[in-house]
1. What's the number of the only condition in (1) at pLDDT 90 or above; (2) aliphatic (A, V, I, L, M); (3) closer than 27 Å to Lys369 by Cβ that Val288 fails to meet?
2. With the stretch 419-483 as the region, which strands (runs of 3 or more DSSP E) entirely inside it contain at least 1 residues that are of a type in the set (D, E, K, R) and over 27 Å from Asp391 (Cα atoms)?
3. Assess whether Asp374 counts as being outside the structural domain of Glu232 (by TED's automatic domain parsing), surrounded by fewer than 16 Cβ atoms within 10 Å (Cβ to Cβ) and not aromatic (Phe, Trp, Tyr).
4. Give me a count of the residues in the stretch 437-483 that are of a type outside the set (S, T, N, Q), closer than 18 Å to Arg393 by Cβ and surrounded by 11 or more Cβ atoms within 10 Å (Cβ to Cβ).
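The values are calculated or read from the model by the stated rules, or taken from the named source; none is laboratory data. Keep in mind that this is a model prediction, so the values were computed, not measured. Counting neighbours? That spans all protein chains shown, and the Cβs are built from the backbone with ideal geometry, glycine included.
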Amino acid sequence: MELSLKTKIGDLLDAYPFLLEYLVKQSPKFSKLENPLLRKTVAAVASVSKAAALGGLEPDDLLAGIAVEIFKKSNDSVTLVNSGGKEEHARGMSREERIEAFKGIVMRLHGGESLDSLRQDFHELLKDVSPAEVGAMEQRLVAEGIPESEIKKLCNLHVELFTAGSDAPELPPLPDGHPIRTFQAENALAEEKASNLSTILGGVRDALGYSGARGALKNGVADLAAIIRHYERKENQLFPIMEAHGLTAPPQVMWEIHDDIRAMFKKAQSCLESAEHAPAVEAVSELVLAVRDMVFKEERILLPMVFESFSEEDWRKVRRGEAEIGFAWVDPGDAWLPAGEATVEGRAAGLIPLDCGQLEPEAINALLKHLPVDMTFVGPDDRVKYFSQTDERIFPRSEGIIGREVSKCHPPKSVHMVEEILVKFKSGERDTAEFWIELGGRFIHIRYFAVRHDGRYLGCLEVSQDVTAIRALEGQQRLLDWK
């Protein structure tokens, strides 16, 4: 048989089942192939090259090892097929050499070289690695002090890389309700709605055309804005698990782009309030391009990356917390929803003694849920320990943030402020910090409290409250009014 780096692992396992034991011995990450369902999905689309990247192995070494194992166990003759040339050179580089070459490209970009001049080197270096390895390489650069904003500039080249040619990452069909299936369905609708906006923009030639299309543009932008919920689900559900797998740079880079798109929505909506057509057309055009570009980034980079990296239990965790954040146009209902998600770890019978009185755990939980504020508690290790499941929720939260470093729970632009608060709380220099912002026509009051017991720092409590109605109160109301 002919064997190359493009040969699918699934085909090999079908022909030579004994290779499963061999692969698991090469890397524990291949143990997921012991699951029959994953063999039909992951293995069906993963090439030897991509399997090597997932297992942290050299592609050529894995290829040669598989060939030897086939010959030993079956006596079948195996012909290794390579393409040679520059591709062969890139595959022959070690992981460390690829990381250093990747770092060199980023530094050349930082030094002023254009993306066009770097395109060929970038594609030759990374064309045979998986999205997961690209993410790992990005992570190394961030750890070495390269700003996420610099790596973000390469996102367009990432999209080109993983959309070009027949080797673009493939995902198998997934069941209804699987988080990836939902993200894909939302992306399809986002692409459709963005395309409709582009069609409307194409008919706007002058101020008169803009006047006639303005209402449709407003409605289209407002409808498309639901994609922000999609981004929030990524930030709260996917990013924490990516970080747990060591992929901390890609989430930070992508979160910065999310913030850019949020700002574009605000700008487009503001410009559409004006009768001037040129700024509005430009703002909506920029927004449409950014949203469609993000769809490509997710479909070609992010989703293949997490599909390769996440375990089945990771996906169950993602699915359990999705409804907390919400969906954009697509609601999977109870499809693929793991059973038992309502259980509370550590719940015990009996009363909990408090400074004044004692309460059942259920009563404490219910009491916290009924407070007219949104609370999040971060322990002394700067990891999220708790957030309140309240109807007063202002900012999206899901169980995916439990145990996550709090700095990773905030947009990159505000991380420095969070870190400063925690440093001053721990040193005892400060006990409180507060902010107030206007968000969607509401006035939000945000306070941070250093929580201490007998002088020992226990953590930081964040309390957010919508005080719009409170600020509007006047006079007195001394009698009960049920109206």
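1. (3)
2. Details: elements: 432-439, 442-453, 456-466.
Those strands (runs of 3 or more DSSP E) span 442-453, 456-466.
3. Working: outside the structural domain of Glu232 (by TED's automatic domain parsing): yes; surrounded by fewer than 16 Cβ atoms within 10 Å (Cβ to Cβ): no; not aromatic (Phe, Trp, Tyr): yes.
Criteria not met by Asp374.
4. Here the count works out to 14.
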